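So the structure is just underneath, and the comments pick up after that.
The values are calculated or read from the model by the stated rules, or taken from the named source; none is laboratory data. Everything quoted here is computed from the prediction, not taken from an experiment. Positions of Cβ are generated from backbone atoms using ideal geometry, with glycine treated the same way; all protein chains shown enter the neighbour counts.
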Amino acid sequence: MKEPGELRTPVGSAISDPEKESMALSALYIAQEQHGKLTPEIIERVAQRMGMQPGEVFSIASFYTLFRTRPAGRFIIQVCDGLSCYLCDGADRIAEYVGAKLNLKPGETSADGRFSLEMVQCLASCGTAPAMRVNDQLYENLTPAGIDAIIERLLGEV
Amino acid sequence: MSAWTPVLLTRVNHPNSEKISSYLEHGGYTALRKALSMAPSQIIAEVKASGLRGRGGAGFPTGVKWDFIPKDAPVKYLAVNTDEGEPGTFKDRLIVERDPHAILEGVIIAAYAIGAHRAFVYIRGEFFLGVKRWIKAIADAYQHGFLGKNILGSGFDLDVSVHRGAGAYICGEETAMIESLEGRRGEPRRKPPYPANVGLWGQPTLVQNVETLVNIPVIVSRGAAWYASIGTEQSKGPKIFCVSGHVNRPGNYELPLGTPLREIIYEHAGGVRMGRQVKAIVPGGASTPILRADKLDVPMAFETLQAAGSALGTGAVIVMDETTDMVEVIRRTTSFFVHESCSRCTPCRLGGRRLLDTLERIAAGSGGARDLVRLEELARGISGNTFCPMGTGMCEPVTSGLERFRDEFESRVTAR
């Protein structure tokens, strides 16, 4: 029996999938965690480890929105642009509020590289709208005061 | 209002409900013991008799799908679709985060029934907590002997692993999900062959949604006859309705299929905010046709929603009050689908882009009457002409909106 811990093993001999290629997404995640973004050099290294062509790996990376080929801030603020968030005074309004505080527009990264602001597709938080994510943390039932507190904490962390 | 005692969302509000100790305390894995004492064919017969239909959107009869998996195939796979991305839908995320063992129990029973020894969980990359909960649940299940070799002494073996998606709505479509699991771009495959015959790595594969799977232990425990006594003629069992938008108490509500939309909105979700009137309802997630308030008495079931000019979809009810700008709602929804198009086939890629351009022109007040005709023509050209169902899904809000909220579109183009 495989050890449960190996379930997270992304690349290497312990792979239990029938084909090694199925670990391409996991490998890209790991590379992105280590290097912040997937530059052509990083893509090439992933390709080498996976025994794939760099073009193949780039094609995969470019398909999925969570893979970044361009640099992003240390804190990536992703505002849910879903219909339910829009109906609950979220989406654009949250982006405007956050953007005004950080002097950013959606799609921009601050000059000091601390913050990126993005609009993202429905985060499945419609029952607790409006919602946004900061890196891997989800924030729901957002209010102006709540956002103020989140941003203040992030500013303190830098 | 019928009193319904939940059977699916019974544990999600308990503290530590995600832990295996909590699941076992609340009767968890007893259905698995019962299932392992049954013949696989008996379980399939039971699921067929229950009338359960898939909860991921398409509503295909679950037991029939299980029966499609060739009995004599040497290698078979089970894939768990945790790629919940249909706007308005937030039930699977709740179950994964708060009750992952209920899904896993369904996974093990389903795998045993079809004879699969390998299962893959595919989860949305954004569900970070869900990923952690899935991995922990699987690890604990191994330690308790619910996974691995010779499960509970039955001689049945099953291994399960978790694969993280990376932000692509289309991967909720089963063949796109299979492509992504194999480590490629999530572009849908041609059907037929269906995954039941040719799925992961060319092997027979059962793809099942999270909510569908949590129904399985309930059916095994309580029996198909009990399950089939709930719901309507063609829609059996309980359903988790995700209610959001302009309601006072948005949330997940487990109710029997066939519960009227009005009851869901007014009695369970607390009615419309500030006492306003309902103007429009999306009954089953963003790709289902939008309904007007005159359909509030429709029972929420597959056949009744179809008769009312929409679909049950994922059971995601988005409520919009009288202040809602329907042109903007439809523009936003179309923008979502255009962004999520995998761009493989032309009607979806280019047609979608032109739909959005036209809607943006109308929303900005610079559209002409010709643009309304153009929307209809584009929708006719896309709907049914794409590789996967997304093209049709993309058009549903537009065509239903044009038909049912025509005055808003007309006032927007004539008012310029």
- [ ] Could you grab the pairs with beta carbons closer than 7 Å, sequence gap of 6+ or different chains, first residue in the range A:39-66 and more than 12 Å from every other protein chain (Cβ to nearest Cβ), second one in a helix (DSSP H, G or I) and small (Gly, Ala, Ser)?
- [x] A:42/A:31; A:43/A:61; A:49/A:27; A:53/A:47; A:54/A:47
Open item on the list: Condition first: closer than 18 Å to residue B:103 by Cα and either without any contact (Cβ under 8 Å) to a residue 40 or more places away in the chain or touching an Asp or Glu at 6+ places or on another chain (Cβ under 6 Å) (or both). Now tell me which residues in the range B:37-64 satisfy that.
Closed with: B:44, B:55, B:63
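Just name the residue that is nearest to the chain's Cα centre (by Cα) out of those in the range B:238-285 that are polar (S, T, N, Q) and within 13 Å of another protein chain (Cβ to nearest Cβ). Reasoning before the result, please.
Filtering the range B:238-285 down to residues polar (S, T, N, Q) leaves B:244, B:248, B:252, B:259, B:277.
With within 13 Å of another protein chain (Cβ to nearest Cβ) added as a condition, the list becomes B:244, B:248, B:252.
On the way: B:244: 16, B:248: 24, B:252: 13 Å.
Restricting to residues being polar (S, T, N, Q) and within 13 Å of another protein chain (Cβ to nearest Cβ), the top hit is B:252.
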TODO: Within the range B:33-57, count every residue that is surrounded by 16 or more Cβ atoms within 10 Å (Cβ to Cβ) and either small (Gly, Ala, Ser) or under 24 Å from the mean Cα position of the chain (by Cα) (or both).
DONE: 16
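Sort out which residues of the range B:355-384 are within 25 Å of residue B:190 (Cβ to Cβ) and surrounded by 15 or more Cβ atoms within 10 Å (Cβ to Cβ), and write them in order of number.
First, pick out the residues of the range B:355-384 that are within 25 Å of residue B:190 (Cβ to Cβ): B:355, B:378-384.
Selection gives B:355, B:378, B:379, B:381, B:382, B:383.
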- [ ] Give just the number: which of (1) more than 14 Å from every other protein chain (Cβ to nearest Cβ); (2) part of a helix (DSSP H, G or I) does residue B:309 not satisfy?
- [x] (2)
Task: Only one of A:99, A:55 that is assigned by TED's automatic domain parsing to the domain that holds residue A:30 and not in a loop (DSSP other than H, G, I, E, B) - done: A:55
- [ ] State whether the residues of the range A:17-38 include one that is within 19 Å of residue B:135 (Cα to Cα), at pLDDT below 75 and touching a Lys or Arg at 6+ places or on another chain (Cβ under 6 Å).
- [x] no
- [ ] Give me a count of the residues in the range A:113-156 that are in contact (Cβ under 8 Å) with a residue 24 or more places away in the chain and charged (D, E, K, R).
- [x] 4
Task: Residue selected from the range B:176-210 under the condition closer than 22 Å to residue B:72 by Cβ and within 13 Å of another protein chain (Cβ to nearest Cβ), by the criterion surrounded by the most Cβ atoms within 10 Å (Cβ to Cβ) - done: B:205
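When you go through A:146, A:113, A:90, A:107 one by one, which is the residue that is surrounded by fewer than 16 Cβ atoms within 10 Å (Cβ to Cβ), in contact with a strand residue (DSSP E or B) (Cβ under 8 Å, 6 or more places away or on another chain), assigned to a loop (DSSP other than H, G, I, E, B) and not assigned by TED's automatic domain parsing to the domain that holds residue A:26?
Values: A:146 fails: assigned to a loop (DSSP other than H, G, I, E, B); A:113 fails: in contact with a strand residue (DSSP E or B) (Cβ under 8 Å, 6 or more places away or on another chain); A:90 fails: surrounded by fewer than 16 Cβ atoms within 10 Å (Cβ to Cβ).
Answer to the selection: A:107.
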Open item on the list: I'd like the full set of residues that are farther than 18 Å from residue B:186 by Cα and touching a Phe, Trp or Tyr at 6+ places or on another chain (Cβ under 9 Å), limited to the range A:45-61.
Closed with: A:47
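Hey, does the range B:144-164 have a residue that's touching a Pro at 6+ places or on another chain (Cβ under 7 Å), among the aromatic types (Phe, Trp, Tyr) and surrounded by 22 or more Cβ atoms within 10 Å (Cβ to Cβ)?
Narrowing the range B:144-164 to residues touching a Pro at 6+ places or on another chain (Cβ under 7 Å): none.
No.
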TODO: Would you check if there is a residue in the range A:32-52 being surrounded by fewer than 18 Cβ atoms within 10 Å (Cβ to Cβ) and β-branched (Val, Ile, Thr)?
DONE: yes
TODO: Would you point out the residue of the range B:266-298, among those that are basic (Lys, Arg) and touching a strand residue (DSSP E or B) at 6+ places or on another chain (Cβ under 6 Å), that is surrounded by the most Cβ atoms within 10 Å (Cβ to Cβ)?
DONE: B:279
TODO: Take the residues in the range B:312-327 that are outside any strand (DSSP E or B) and within 20 Å of the chain's Cα centre (by Cα), then tell me which one is surrounded by the most Cβ atoms within 10 Å (Cβ to Cβ).
DONE: B:314
- [ ] May I ask you to list pairs of residues, at least six apart or on different chains, whose Cβ atoms are under 6 Å apart, with the first in the range B:236-264 being of a type in the set (Val, Ile, Thr) and the second being assigned to a strand (DSSP E or B)?
- [x] B:240/B:252; B:240/B:254; B:243/B:317; B:247/B:319; B:264/B:241
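Hey, does the range B:269-276 have a residue that's in contact with a Pro (Cβ under 7 Å, 6 or more places away or on another chain), more than 25 Å from residue B:413 (Cβ to Cβ) and not acidic (Asp, Glu)?
As a first pass, look at the range B:269-276 and keep what is in contact with a Pro (Cβ under 7 Å, 6 or more places away or on another chain): B:269.
Remaining after also requiring more than 25 Å from residue B:413 (Cβ to Cβ): B:269.
Filter once more, keeping what is not acidic (Asp, Glu): B:269.
Yes - at least one qualifying residue is present in the range B:269-276.
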Task: Candidate set from the range B:69-91 (those that are among the basic types (Lys, Arg) and out of contact with any Cys (no Cβ under 7 Å at 6 or more places or on another chain)); member that is nearest to residue B:210 (Cα to Cα) - done: B:76
- [ ] Output the residue which, of all residues in the range A:58-82 that are outside any loop (DSSP other than H, G, I, E, B) and under 12 Å from the mean Cα position of the chain (by Cα), is surrounded by the fewest Cβ atoms within 10 Å (Cβ to Cβ).
- [x] A:76
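Going residue by residue through the range B:216-229, is there one that turns out to be more than 14 Å from chain A (Cβ to nearest Cβ) and either at pLDDT below 95 or part of a strand (DSSP E or B) (or both)? Let's see the steps before the verdict.
Here is the first cut: in the range B:216-229, the residues more than 14 Å from chain A (Cβ to nearest Cβ) are B:216-229.
If we keep only those that are either at pLDDT below 95 or part of a strand (DSSP E or B) (or both) as well, we get none.
Taking every residue of the range B:216-229 in turn, none turns out to be more than 14 Å from chain A (Cβ to nearest Cβ) and either at pLDDT below 95 or part of a strand (DSSP E or B) (or both).
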Task: Flag for residue B:382 being in contact (Cβ under 8 Å) with a residue 40 or more places away in the chain and β-branched (Val, Ile, Thr) - done: no
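One line per residue, one yes/no per condition, for (1) facing another protein chain (nearest Cβ under 8 Å); (2) within 28 Å of the chain's Cα centre (by Cα); (3) not small (Gly, Ala, Ser):
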position	(1), (2), (3)
B:138	yes, yes, yes
B:141	no, yes, no
B:148	yes, no, no
B:151	no, no, yes
B:156	no, no, yes
B:170	no, yes, yes
B:174	no, yes, yes
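Those residues that are of a type in the set (Ser, Thr, Tyr) and not in a helix (DSSP H, G or I), I need them from the range B:140-157; list them, please.
Quick first cut of the range B:140-157, residues of a type in the set (Ser, Thr, Tyr) only: B:142, B:154.
Selection gives B:154 alone.
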